[in-house]
Amino acid sequence: MKTSAPHIVSAFEDALKRLKSAIVQMAGAAETQIDQALTCLAQRNPELAREIVESDARLDSFEHDIEAHCMRLLALRQPVADDLREVIAALKIAGNLERIGDHAANTAKRAVAIFSLSDSGSLAGLPQLGRLVRERLSAVIDAYVDNDGEAALRIWRTDDEVDALYTSLVAEVERSALAAPEQFTAHMHMMMIAKNLERIGDHATNIAEVVYFVSTGQTLLDQRPKADHSYDPVG
């Protein structure tokens, strides 16, 4: 009986490593979807948009597998302290990554819808917002892999950068809509794209909060810095 304890501990550590690896793989799939969505913003490519929508099912499958893995660990291993935080974090991060995939797919569909219009206008600074949220997601996953609470905190504190750019883009689209009311449909699609990208940034910030909690055992109780004072077109 005395020799079973190390084996049990080792098996649990391996299970946690597999869980973390699954999160990293899911994050990679989400990052790919964002990259493809940004490509859709740069070119008329309805085929790519369809690929993004279809690949969204892969993220759903990742989330379900991670949830099942977490439930097994909770039921069979009954983790506590640091290990429990790891399992809870995986559940939360997987949920945020799944929503990121949804927003990336919505961005691609809206981009194709804009390009299908005879007069679509300018996409303004939307690609810049997309690159910013993509960089934030990549950085926060690196922080998760490295268990770097300080890096997660830095990402959390710069959430207002995304909000400020989003607010300026919405104002720009509103001005353009007033100047060219005949392009109303295109401008509404632009608003929706901007909001989807901004929400990807929000989910990256959510993940930063989770990573900070895993690393330190503390929650970020301060109000998240926000610079978004725009009208939310999707409620």
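Some observations on this one:
- Residues of the stretch 137-152 classified as in a helix (DSSP H, G or I) and open to solvent by 20 Å² or more (accessible area, probe 1.4 Å), total: 6
- Index of the failed condition, Ile200 passing every other in (1) closer than 21 Å to Asp82 by Cα; (2) surrounded by 20 or more Cβ atoms within 10 Å (Cβ to Cβ): (1)
- Candidates in the stretch 66-112 are the residues that are of a type in the set (Lys, Arg) and at pLDDT below 95; of these, the one that is surrounded by the most Cβ atoms within 10 Å (Cβ to Cβ) is Arg110.
- Selection from the stretch 126-136 of residues that are open to solvent by less than 40 Å² (accessible area, probe 1.4 Å) and out of contact with any Leu (no Cβ under 8 Å at 6 or more places or on another chain): Arg136
- Residues located in the stretch 153-163, provided they are open to solvent by 50 Å² or more (accessible area, probe 1.4 Å) and in contact (Cβ under 8 Å) with a residue 24 or more places away in the chain: Arg157, Asp160, Glu161
- The lone exception for Ser168 - which of (1) assigned to a helix (DSSP H, G or I); (2) touching a residue at least 12 places away in the same chain (Cβ under 8 Å); (3) in contact with a helix residue (DSSP H, G or I) (Cβ under 9 Å, 6 or more places away or on another chain); (4) open to solvent by 30 Å² or more (accessible area, probe 1.4 Å) it fails: (3)
- Breaking point among (1) more than 17 Å from Val211 (Cα to Cα); (2) open to solvent by 70 Å² or more (accessible area, probe 1.4 Å); (3) at pLDDT 90 or above; (4) in contact with a helix residue (DSSP H, G or I) (Cβ under 8 Å, 6 or more places away or on another chain), for Arg58: (3)
The values are calculated or read from the model by the stated rules, or taken from the named source; none is laboratory data. Being a predicted model, the structure only gives us computed values, none of them experimental. Quick reminder, even Gly has a Cβ in these numbers, built from the backbone with ideal geometry, and neighbours come from all protein chains shown. Just so you know, the surface numbers come from the protein's heavy atoms only, side chains and all, with ligands and any DNA or RNA stripped out. Shrake-Rupley method; radii C 1.70, N 1.55, O 1.52, S 1.80 Å.
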